[in-house]
Amino acid sequence: RPNAIARGLVNKKTNTIGVLLPSVSSKFAAELLRGIENRAHTLEHSVIVCNTRNDGTRTMEYLQVLAEKQVEGIIFASEWMKDIYAENIIAMHAQVVLVATISYKYQIPYVKVDDKQAAYCATQYLIEKSHRKIGLISGGTKDRIAGLPRIEGYRQALADYDIPTVERRIAYGDFLYASGYRSM
């Protein structure tokens, strides 16, 4: 079998993709990783999975590892794109795509739901079905990626239909199963 490192030195390709996720234990992460790995396999690429933790404390360490491994691409998922992350990724000259996050400052391609609009539409749908006591299970108010936009969409829909927001109907969590269960 050809040595992958030697082949990479010759043709300047490592056929390796790095995936950075704050948690690999959620159903979302599992499905995302399954899809990435399946597609990478068909393209004869390897995948390095980096569990950066929910607080992002390992992100810089993993970006260094991915730079050392000379990955050709990075899939950066579910974490806010801080300046230091973007600067390191740009310096690596690797292709990057954001998944379930967005950067307004850096022009990085992304795949993401408009969480504010989605929460607005879901709340509006319930209102138009004559519901008035509508609750929301969301991420925290400091979660700029999905939590805060969903809360804003929910509140905006209620306001647009002159329904007061009742704070006790909002449950804050972390988008994991146990948190959703407790919030319910």
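The values are calculated or read from the model by the stated rules, or taken from the named source; none is laboratory data. What you see is a predicted model; the values in this text were computed from it and never measured. Cβ atoms come from the backbone with ideal geometry, glycine included; neighbour counts cover every protein chain shown. Just the protein is used for accessible areas: all its heavy atoms, side chains included, with ligands, DNA and RNA removed. Shrake-Rupley method; radii C 1.70, N 1.55, O 1.52, S 1.80 Å.
Worth a mention:
- Computed over protein heavy atoms with a 1.4 Å probe, the accessible surface of the chain works out to 64 Å² per residue.
- Net dipole in debye of the chain [+1 Lys, Arg Cβ; -1 Asp, Glu Cβ; about Cα centre; nearest 20]: 300
- Accessible area of Asp162 (1.4 Å probe, protein heavy atoms only, ligands and nucleic acids ignored): about 140 Å².
- Inverse of mean 1/r across different Cα pairs in the range 89-155, Kirkwood, Å: 13.6
- For the range 23-83, the dipole from Cβ point charges (+1 on Lys and Arg, -1 on Asp and Glu) about the Cα centre works out to 180 debye, to the nearest 20.
- Ordering of 35-47, 13-25 by burial proxy (mean other Cβ atoms within 10 Å per residue, highest first): 13-25, 35-47
- The fraction of all Cα pairs in the chain landing in successive 5 Å bins from 0 to the largest distance is 1, 7, 14, 17, 16, 13, 10, 8, 5, 4, 2, 1, 1, 0, given as whole percents.
- The range 130-184: C-alpha gyration tensor shape, a/c 1.5 cut-off, then a/b vs b/c: oblate
- In terms of its alpha-carbon gyration tensor, the range 18-118 comes out rounded; the largest-to-smallest axis ratio a/c stays below the 1.5 threshold.
- Two-decimal Rg to Rh for the range 26-70 - Kirkwood Rh, Cα set: 1.02
- Apportionment of accessible area to carbon and sulfur, the chain, percent (1.4 Å): 54
- About its Cα centre, the dipole of the range 93-157 is roughly 200 debye, where the only charges are +1 on Lys and Arg Cβ and -1 on Asp and Glu Cβ.
- Cα centroid separation, the range 42-56 to the range 87-150 (Å): 21
- When you count the other C-beta atoms within 10 angstrom of each residue and take the mean per peptide, 117-129, 76-88 line up highest first as 76-88, 117-129.
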